[in-house]
Every structure is written in C-alpha cells, then in structure tokens.
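Enquirer: This is the structure I have questions about; it appears just below.
The values are calculated or read from the model by the stated rules, or taken from the named source; none is laboratory data. In this text the structure is predicted, and so the values were computed from the model without any measurement. Cβ placement follows ideal geometry from the backbone for every residue including glycine, while neighbour counts extend to all protein chains displayed. The accessibility values were calculated without ligands, DNA or RNA, using every heavy atom of the protein model including side chains. Shrake-Rupley method; radii C 1.70, N 1.55, O 1.52, S 1.80 Å.
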Amino acid sequence: MGSLFSKQFERRKNIKAEKKTLCDLNENCGESYPGSDYRPADRKNWMAGLGVDKVYINKIVWPGTHDSATNKIGIPFITRPFAQCQSLSVYQQLVKGTRVLDIRVNENRRVCHGVLTTYGIDVVIGDIKKFLSETQSEVIILEIRTEFGHQDPPEFEKYLEEQLGEYLIHQDEHVFGKTIAELLPKRIICVWKPNKSPRPQSGSPFWNAGHLKDNWIDTDLPSTKFDSNLKHLSEQPPASSRKFFYRVENTVTPQPDNPIVCVKPVTNRIHGYARLFITQCFTKGCADRLQIFSTDFIDEDFVDACVGLTQARVEGAC
C-alpha cells in the first residue's frame, strides 16, 4: 500500500510539474504566428471562404478530431466518461469547421472505442452526407479503421463505395499538389485502414494507411506529449513535398494506474495549448511540416487556429 501511495504521489507531482511547464512556456512565448489573428466569417464554409482556386491540398492545416464519433459512446455517467473524446455529433463537428474525422469500427459496423460501442457507421455516413449536401466546396479527410482487437467488417469497402462513391477522391499522389477547385465535385479523401483485409491500392476509391501517418504516444503527461509532437513533426519532410498526410494530436491519454481515468479532465491538460504548439513550430523551424492537427472536444478556437495558419499559407505570409 505504501509503495502504491508513493507511486501515485510521484505521478501527481510529475503531472503538476508538466502542466506548469506548458503554462510558463505559454506566458513567455505567447501564441502569435502568421494568421493567428484570422477568424473565418463562416466556419461551416471556411475552405470556400479562402478561395477554392487558391487552396492547395498540401497547404491546408486540417483541423481534426480524435475518436470523432464517441459523443454517445457507452452508458451516460457510467462508462461514457472513460471513452468519450467528443461531445458533438459528426455533423456538428463538420459545421464547426472540423475537416478530418477519425472513425473506428468493429466487425458489426458499429463505431467503437476499445471495448465500448455506440451507434452504427450509418449514423456517421448520414451526418457526412447531410453536411456535404449543405455545402459546395468543403473537402473532408475521412479516416476509418478497424479498432484494435476487432475483425474487419465484411464487404466494408463495397458498402462505403455504395454510400459515398459520388464524393470519393480516388487514391492518386498528384492530389497533394492540386487545388480544391481541381478536385471538385469530389470532396472526400477516405483512408481505409483494415486490420487484415487487403489495403487499398493506387487508383482505388480509398487511400491506405501509408497515406495518413502519425507518431502517437500513450501518455497522460502534457509536456511530454507536446515535446514528442514537436520532435516527430520536425523529422517529417515539408508538407509541400510529402505524398502522405501527417497528423499531430493535441491530446493526452488516461492511464490505468492513475486515479484520474476519465478522458476530459486528462486531455484538458494539453487542450488549451494548440496555439502555443503552432507558435513553437515556427520557433523550432518546423511550421511548414504541420498538416493535420487533431484534438479532443474540438472548439471554435482550435478550428480558427488551424484555418488562420492555412490562410497565411494561401496568402504567402509564411
């Protein structure tokens, strides 16, 4: 018992120290970078607002959500706090400005996060189609993966193509150097990551795991995650020359040996430092590598932070 208490005391001490590290860095360095003052007039149509003939796919800083379809996962007040990473529906996230979705499914085509499940993938598809029907020029990266420990849903590619075929941008590395206008009316880059099924090949309506990469680490320590994100991002080629999307997640993860295992209070340790992260990317000389930036419990300021940097790139300010 004494050993356990000592370990928990040390962990709380480390978390407090790391939270202070980020707080001090924010006070000393601020949150100013090219485009940081920009606020889109209409977040629902922010890509259109920047000019689709000027916005190249490889210049966009894509605001994304982590575990996007978990707003109703599990049982309210019982299991939901341990797995819920978003409070908004997929449709509400898209309206708010989200443009990258992270969806995990099981063999029954139900959305899941670990062992907990929620609604079927049909709900997600319905939300996406509703958003696309209400907009004309917004492009979405839809990542769908089979959750770890589950089997691939049968005939899932066929199902996705039947549901979204008219919108799918086929796998082609030339896409990265094109403008949104050149891709329209196609509007979804769908990255399908099965566990065992064959990965999509070039020319397919779907993109494979090699086209969306990250260096996720499993930690609840905010400064550790912040520094890891900077380190791994700095090791990537510039977004303008890459033939894949690279994601940075501004999140931390509850740990089973810590008393606080609910998602929201843990991820809040890093949530407010998205603009600081972008500022540090400029300080460290890797801002040209930032591409997909994802978060838990997305809000308007996170979207604006990404859109502002995109606007600066489009206008040649950085």
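Enquirer: What FRET efficiency do you get for GLN92 and TRP216 if R0 is 22 Å and r is their Cβ-Cβ distance, rounded to the nearest 0.05?
Expert: Efficiency, from the Cβ-Cβ distance: 0.30.
Enquirer: Picking from SER197, SER294, SER137, which is most flexible by a Gaussian network model of the chain using Cα springs under 10 Å?
Expert: With Cα springs under 10 Å in the chain, the top fluctuation among SER197, SER294, SER137 is at SER197.
Enquirer: Please report how far the C-alpha centroid of the range 294-318 lies from that of the range 257-272, rounded to the nearest whole angstrom.
Expert: The range 294-318 and the range 257-272 have Cα centres spaced 24 Å from each other.
Enquirer: Something else: What span do the alpha-carbon atoms of the chain cover on each of the three principal axes, reported in whole Å from largest to smallest?
Expert: 62, 47, 32
Enquirer: Further, regarding this structure: Between GLU31 and GLN136, what is the label-to-label distance in nm when each label sits 7 Å out along the Cα-to-Cβ direction?
Expert: 3.4 nm
Enquirer: Where only protein heavy atoms count, and the probe is 1.4 Å, what is the accessible area per residue for the range 1-315 in Å²?
Expert: With the other protein chains kept in place, the range 1-315 gives 43 Å² per residue.
Enquirer: Run lengths n ≥ 4 of DSSP H only: what is the helix-derived mean residue ellipticity at 222 nm for the chain, with -39500 (n - 2.57) per run over all residues, to the nearest 500?
Expert: Rounded to the nearest 500, the figure is -11000 deg cm²/dmol.
Enquirer: For ARG12, tell me the accessible area in Å² from a 1.4 Å probe, rounded to the nearest 10.
Expert: Only protein atoms counted, so the area is about 130 Å².
Enquirer: Mind grabbing the accessible area of GLU18 for me, 1.4 Å probe, Å², rounded to tens?
Expert: 30 Å²
Enquirer: If you find the alpha carbon centre of the range 172-250 and of the range 2-61, how far apart are they in angstrom?
Expert: 19 Å
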